[in-house]
1. Checking Phe79 against (1) open to solvent by 30 Å² or more (accessible area, probe 1.4 Å); (2) at pLDDT 95 or above; (3) touching a Phe, Trp or Tyr at 6+ places or on another chain (Cβ under 7 Å), only one condition comes out false. Which one?
2. Evaluate the stretch 17-24: report whether one residue or more is without any contact (Cβ under 8 Å) to a residue 12 or more places away in the chain, within 26 Å of Phe269 (Cβ to Cβ) and among the charged types (D, E, K, R).
3. Whether any residue in the stretch 251-265 is assigned to a strand (DSSP E or B) and either in contact with a Leu (Cβ under 6 Å, 6 or more places away or on another chain) or under 30 Å from Thr305 (Cα atoms) (or both) is what I want to check.
4. Among the residues of the stretch 277-290, how many are charged (D, E, K, R) and either surrounded by 14 or more Cβ atoms within 10 Å (Cβ to Cβ) or within 14 Å of Ile63 (Cβ to Cβ) (or both)?
5. For the stretch 92-117: of the residues being open to solvent by 60 Å² or more (accessible area, probe 1.4 Å) and in contact (Cβ under 8 Å) with a residue 60 or more places away in the chain, which is farthest from Ala184 (Cα to Cα)?
6. Residues in the stretch 22-39: is at least one touching a helix residue (DSSP H, G or I) at 6+ places or on another chain (Cβ under 9 Å), over 14 Å from Pro280 (Cβ atoms), aromatic (Phe, Trp, Tyr) and open to solvent by 10 Å² or more (accessible area, probe 1.4 Å)?
7. In the set Gly231, Gly203, which member is open to solvent by less than 50 Å² (accessible area, probe 1.4 Å), over 15 Å from Cys109 (Cα atoms) and touching a strand residue (DSSP E or B) at 6+ places or on another chain (Cβ under 7 Å)?
Amino acid sequence: PRVQGNNTPDIALFPQPGLMLDFARQGKMQDLSSIINVDQLRSSLVPGMLEAGTQDGKVYGAIVSMNVKSLVWYPKKAFEAKGYTVPTTIAELETLTNQIKADGTTPWCVGMESAAATGWVATDWIEDFVLRYGGPEKYDQWVRHEIPFNDPVVVQAAQEFEKLALTEGNVFGGRKGVVSNAFATAMNPMFQDPPRCFLHRQGNFITQKGFFPEKVRQNLDEEVGVFQLPGTDAASKPVLGGGDLAGAFTNDADTKKVMEHITGPDFKFADLAASSWISPHKTFDTSQYPDETTKTIAELAYASTVFRFDGSDQMPGAVGAGSFWKGMTAWISGQQDLNEALTSIEESWPS
């Protein structure tokens, strides 16, 4: 509203880069190369982090806080007692899934219920596997609708999600239960005795209060293990994530000072212990994180081969926060088959 009213702030933080780039297309955002040292910034960030804020070769937004989505959580004590090992490839993740199932436990816990936003959990799964099977180039083409929503790489991604976590006997509560299980507490059956599942894919925000059972959260490092959702081979370590991008509407001296500070490698959120904030800079001192779990997640992200911003957050709202959610829900609940769901999303893309 302030931008529309010609009362722009000097700086704004954007959790969804699409809106920022809309403003850039309207000529309202500053090219950050006139404000900060973009090349120096690029050198300390995980590869690919500036792409979400880039348009026509110009950088309009720089990430100042990162969240990591490509994570698989597990009940550490029970997992280790069973002798399970962390997988380093998708094939090894499939093997682990089958091993857990053969041992008599449902491998995965998945929950998608999120009131009016039900379905967003599945979009993260699809995006993660499009990034793995298609690489960043194909991923970017899909997000920008340069290839259709039902391109073969998207079908392959959805089929991998289905194979791992939606196959009969692979998910706690059954496939239809996925749609009705609340995303916020879907992981909690992992911590029953014995565990009702061993694997849960979700972003690092679930370390905050209100997600894991409180007694587990209070003893996070001992109770919870986490690994990066693997790639097609052990050397491939892509990470899907999100975060806040800082963009500038003015370029006076004060704006430059603040932008240099908040986008710099030494900036940190005021209260690390009360948040799940992670610096996007590979050079950040990980000893400053409040626990070993957060430190591990940060180090996984810093060692990643490429970062890509959440795809649905970059798509037009009618798709990314609309038909994509609805289509995934319809497919998983059995109302549509995969081809019907992907085709309906493709047809919903604004012309």
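1. If we test Phe79 against (1) open to solvent by 30 Å² or more (accessible area, probe 1.4 Å); (2) at pLDDT 95 or above; (3) touching a Phe, Trp or Tyr at 6+ places or on another chain (Cβ under 7 Å), just (1) comes out false.
2. The answer is no, given that none of the residues of the stretch 17-24 is without any contact (Cβ under 8 Å) to a residue 12 or more places away in the chain, within 26 Å of Phe269 (Cβ to Cβ) and among the charged types (D, E, K, R).
3. Filtering the stretch 251-265 down to residues assigned to a strand (DSSP E or B) leaves none.
No, there is no match, as no residue in the stretch 251-265 is assigned to a strand (DSSP E or B) and either in contact with a Leu (Cβ under 6 Å, 6 or more places away or on another chain) or under 30 Å from Thr305 (Cα atoms) (or both).
4. Looking only at the stretch 277-290, we keep the residues that are charged (D, E, K, R), and these are 282, 285.
After this cut, where a residue has to be either surrounded by 14 or more Cβ atoms within 10 Å (Cβ to Cβ) or within 14 Å of Ile63 (Cβ to Cβ) (or both) as well, the list is 282.
Counting residues in the stretch 277-290 that are charged (D, E, K, R) and either surrounded by 14 or more Cβ atoms within 10 Å (Cβ to Cβ) or within 14 Å of Ile63 (Cβ to Cβ) (or both) gives 1.
5. Once the filter is applied, the top-ranked residue is Glu92.
6. No, there is no match, as no residue in the stretch 22-39 is touching a helix residue (DSSP H, G or I) at 6+ places or on another chain (Cβ under 9 Å), over 14 Å from Pro280 (Cβ atoms), aromatic (Phe, Trp, Tyr) and open to solvent by 10 Å² or more (accessible area, probe 1.4 Å).
7. Just a single option satisfies the conditions, and that option is Gly231.
Every residue, every condition in (1) touching a Gly at 6+ places or on another chain (Cβ under 8 Å); (2) without any contact (Cβ under 8 Å) to a residue 12 or more places away in the chain; (3) over 22 Å from Ala157 (Cβ atoms), yes or no:
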residue	(1), (2), (3)
Gln30	yes, no, yes
Pro47	no, no, no
Lys77	no, no, yes
Ala81	no, yes, yes
Thr89	yes, no, no
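The values are calculated or read from the model by the stated rules, or taken from the named source; none is laboratory data. Predicted model only: the values in this text are computed from it and were never measured. Reconstructed Cβ throughout: ideal geometry from the backbone, glycine too, with neighbour counts over all protein chains shown. Quick note on the areas: whole protein, heavy atoms, side chains included, nothing else; ligands and nucleic acids left out. Shrake-Rupley method; radii C 1.70, N 1.55, O 1.52, S 1.80 Å.
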